[in-house]
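Trainee: Sharing a structure with you now.
The values are calculated or read from the model by the stated rules, or taken from the named source; none is laboratory data. Not measured: the values here are computed from a predicted model. Methodologically, a virtual Cβ is constructed for each residue, glycine included, from the backbone with ideal geometry; neighbour enumeration extends over all protein chains shown.
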Amino acid sequence: MLPAIRLISEAAELAARRHNGMARKGRGSEPYINHLAEVANLLAIATDGTDAELVAAGWLHDTMEDTDTTREELSARFSDRVASLVIECTDDMSLPKAERRRLQVVDAPKKSADAKLIKIADKISNIGARIHSDPTTEERDDLVDYTDWAEQVVAGCRGGNSWLDTKFDDVVRRARRSL
């Protein structure tokens, strides 16, 4: 097992390399790595820096979904726990978007306590990225749609970390006020 600082640093480096050139939804051409950094940072704050594997999984939570990264690679490079958390947070991209969304709502309460924390941090980041000071009709519709759905997912994830729960409620309030 890598020391905590190396685990997080190497997870960030792999995430950056694998997502190189990808842009984030919701903020124009903002690099995708910014989303991963935000999720990892939310998890680090929520746990007061006591869980390096959780923070590493936050950096890597989209690598299997968006790149050719495998569970075996994550297990070998990081740990079985990191790989398992990433798997738990990975959607089956062969399914239509509506089905992936439905499954996230249904499966949220069944996730491990740590995967639930990653899901909440992910939704906080994604809602925040969709808040614009002067949204177009399309941006407003996307924000409403995403926030409504995220609230359903997070309803099945709450209770594991009061700070993250509050941060989620805060970003939802900001989103609703921005409309």
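Trainee: Look at residue 69 and say whether it is more than 16 Å from the chain's Cα centre (by Cα) and modelled with pLDDT of 95 or more.
Mentor: Taking the combined requirement at face value, the residue satisfies it.
Trainee: Next question, about the same structure. Being farther than 25 Å from residue 159 by Cβ, in a helix (DSSP H, G or I) and touching a residue at least 12 places away in the same chain (Cβ under 8 Å) is the requirement here; does residue 74 meet it?
Mentor: When the stated conditions are applied, residue 74 passes them.
Trainee: Another question, if that's okay. Kindly provide the set of residues from the stretch 111-150 that are small (Gly, Ala, Ser) and in contact with a helix residue (DSSP H, G or I) (Cβ under 8 Å, 6 or more places away or on another chain), ordered by number.
Mentor: Listed by number, the residues that qualify are 112, 115, 121, 125, 128, 129, 150.
Each row is one residue, and each column tells you yes or no for (1) farther than 17 Å from residue 89 by Cα; (2) exposed (fewer than 15 other Cβ atoms within 10 Å of the Cβ); (3) in contact with a strand residue (DSSP E or B) (Cβ under 8 Å, 6 or more places away or on another chain).
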position: 4; (1), (2), (3): yes, no, no
position: 8; (1), (2), (3): yes, no, no
position: 13; (1), (2), (3): yes, yes, no
position: 17; (1), (2), (3): yes, yes, no
position: 25; (1), (2), (3): yes, yes, no
position: 30; (1), (2), (3): yes, yes, yes
position: 44; (1), (2), (3): yes, no, no
position: 59; (1), (2), (3): no, no, no
position: 67; (1), (2), (3): no, no, no
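Okay, residues lined up against (1) within 18 Å of residue 43 (Cα to Cα); (2) of a type in the set (A, V, I, L, M, F, W, C); (3) without any contact (Cβ under 8 Å) to a residue 60 or more places away in the chain:
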site: 107; (1), (2), (3): no, no, yes
site: 116; (1), (2), (3): yes, no, yes
site: 149; (1), (2), (3): no, yes, yes
site: 157; (1), (2), (3): yes, yes, yes
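Trainee: If you check every pair at least six apart or on different chains, which have Cβ atoms under 7 Å apart with a residue in the stretch 55-68 that is more than 12 Å from residue 19 (Cα to Cα) first and a residue that is of a type outside the set (Ser, Thr, Tyr) and assigned to a loop (DSSP other than H, G, I, E, B) second?
Mentor: Every condition considered, the pairs that remain are 56/78.
Trainee: While we're on this one: Among the residues of the stretch 11-39, what is the count of those that are of a type in the set (A, V, I, L, M, F, W, C) and either over 26 Å from residue 143 (Cβ atoms) or in contact (Cβ under 8 Å) with a residue 40 or more places away in the chain (or both)?
Mentor: Residues in the stretch 11-39 being of a type in the set (A, V, I, L, M, F, W, C) and either over 26 Å from residue 143 (Cβ atoms) or in contact (Cβ under 8 Å) with a residue 40 or more places away in the chain (or both): 7 in total.
Trainee: Could you please give the count of residues in the stretch 89-141 that are part of a helix (DSSP H, G or I), surrounded by fewer than 14 Cβ atoms within 10 Å (Cβ to Cβ) and either in contact with a His (Cβ under 7 Å, 6 or more places away or on another chain) or of a type outside the set (A, V, I, L, M, F, W, C) (or both)?
Mentor: Qualifying residue count, the stretch 89-141: 7.
Trainee: A follow-up question, please. Among the numbered conditions (1) within 14 Å of residue 122 (Cβ to Cβ); (2) assigned to a helix (DSSP H, G or I), tell me where residue 6 comes up short.
Mentor: (1)
Trainee: Return the residues of the stretch 41-56 that are more than 12 Å from residue 14 (Cβ to Cβ) and of a type in the set (A, V, I, L, M, F, W, C); say none if nothing qualifies.
Mentor: 42, 43, 44, 45, 46, 52, 54, 55, listed by residue number.
Trainee: Shifting gears a bit: Taking the stated definitions as given, is residue 130 basic (Lys, Arg) and closer than 20 Å to residue 106 by Cβ?
Mentor: no
Trainee: Under the condition of being farther than 15 Å from residue 97 by Cβ and crowded, with 17+ Cβ neighbours inside 10 Å, which residue from the stretch 142-157 is modelled with the lowest pLDDT?
Mentor: That would be 143.
Trainee: Here's another thing I want to ask about it. Any chance the stretch 165-175 includes a residue that's closer than 28 Å to residue 80 by Cα, part of a helix (DSSP H, G or I) and at pLDDT 95 or above?
Mentor: Taking every residue of the stretch 165-175 in turn, at least one turns out to be closer than 28 Å to residue 80 by Cα, part of a helix (DSSP H, G or I) and at pLDDT 95 or above.
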